[in-house]
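Just so you know, all these numbers are worked out from the coordinates, no wet-lab data involved. None of the values given here were measured: they were computed from a predicted structure. Note that each Cβ is placed from the backbone with ideal geometry, even for glycine, and that neighbours are counted across all protein chains shown.
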Ligand SMILES: CC(C)(COP(=O)(O)OP(=O)(O)OC[C@H]1O[C@@H](n2cnc3c(N)ncnc32)[C@H](O)[C@@H]1OP(=O)(O)O)[C@@H](O)C(=O)NCCC(=O)NCCS
């Protein structure tokens, strides 16, 4: 028998949700602590919900919906349905989907977004049958820090310096009284430059400031590229403790050379970098360049684990297809 219940903000429920996530998204493992912190730091105005499905009393899967800050629209929700491999093809996914549709109907959704992977054929089929179609892809590249030879990148860093570009951590920039405002504006300029199926919405400065409270963002590995004092590029490091890896985001001239340098810390073994890419855009070109650094141990992502993002137009009632 399938039973559905809401996730509670208890340690046990966070562990259960993350266990299910980690059993499916292998290679991207996360921790209950990270999820808890993410939920606690989410602005109160954003709608979200998460609930479990048990099959014969055993935790089998969960579904969730979330209004994302970067889109910040009550009718644009990211949803997910995820079932442990051992419990599949027994109706759990459809039961979760139906429950999800009933939960979000009250918001009269405009679009739903769902994420899956090209190498999850069941997920791709499940989404397509529920009316989703592919709208964009993320490509992920991975760098094995254990075998990485930093010395091979020395020439790259030198070339950046020769152009007059300085690299400073945000900690080193603390004396700049305008630092946070500059980081905020640079982040927004970059955000608009990243391919997206939906236009991003600028978050408030107060919301941006909460980044300083995030425990897995490493401040002395958060670098800024300065071109004669102007903030022109960023590298961020987010430790992903569950997977002993760090997620890397970088933009701008020369920042990529710092990825492994700062990543080789706190037990992280792999640096992960994800690009939201569309054919012919600069993100894709950048990935290709990274992929050419084969002797540095970087794996080029295409064909490795692309993640498809899909969206579905559903104005007029998300539950219309609840029967799936
Ligand atoms: C996609 C996913 C959630 C489906 O979960 P699931 O529990 O297997 O889903 P269901 O069992 O309800 O339905 C899956 C299929 O099994 C069929 N099925 C359901 N009960 C069945 C049974 N007793 N015997 C045989 N088939 C059955 C359903 O009709 C459905 O067929 P369809 O794909 O042709 O429509 C699961 O594969 C998953 O977690 N994938 C990875 C995560 C992911 O990509 N999620 C995003 C996509 S929404």
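The range 79-136 and the range 56-71 have Cα centres lying 10 Å from one another. The gain in end-to-end length when the residue 134 to residue 215 segment is fully stretched comes to 25.8 nm, 0.36 nm per residue minus the alpha carbon separation.
Calculated on the Cα set of the range 1-131, radius of gyration then Dmax: 14.2, 38 Å.
For the range 69-196, pairs of C-alpha atoms spaced more than 21 angstrom apart make up 66 percent of the total.
Peptide packing for 174-183, 69-78 was compared via the average number of neighbouring C-beta atoms within 10 Å per residue; ordered from the highest value, the list is 69-78, 174-183.
How large is log10 I(q)/I(0) at q = 0.11, 0.13, 0.22 Å⁻¹ when the Debye formula is applied to the Cα atoms of the range 1-71, each weighted equally and without solvent? Cα-only, vacuum Debye calculation for the range 1-71: -0.28, -0.39, -1.05.
Estimated from the Cβ-Cβ distance and a Förster radius of 35 angstrom, the FRET efficiency linking residue 171 and residue 26 is about 0.55. In plain terms, the bigger the Kirkwood radius, the slower the diffusion; for the range 126-214, with that radius from Cα pairs, at 37 °C and 0.692 mPa s, Stokes-Einstein puts D at 187 µm²/s.
For the peptides 184-194, 86-96, the ranking by packing is 86-96, 184-194, with the highest mean count of neighbouring Cβ atoms within 10 Å listed first.
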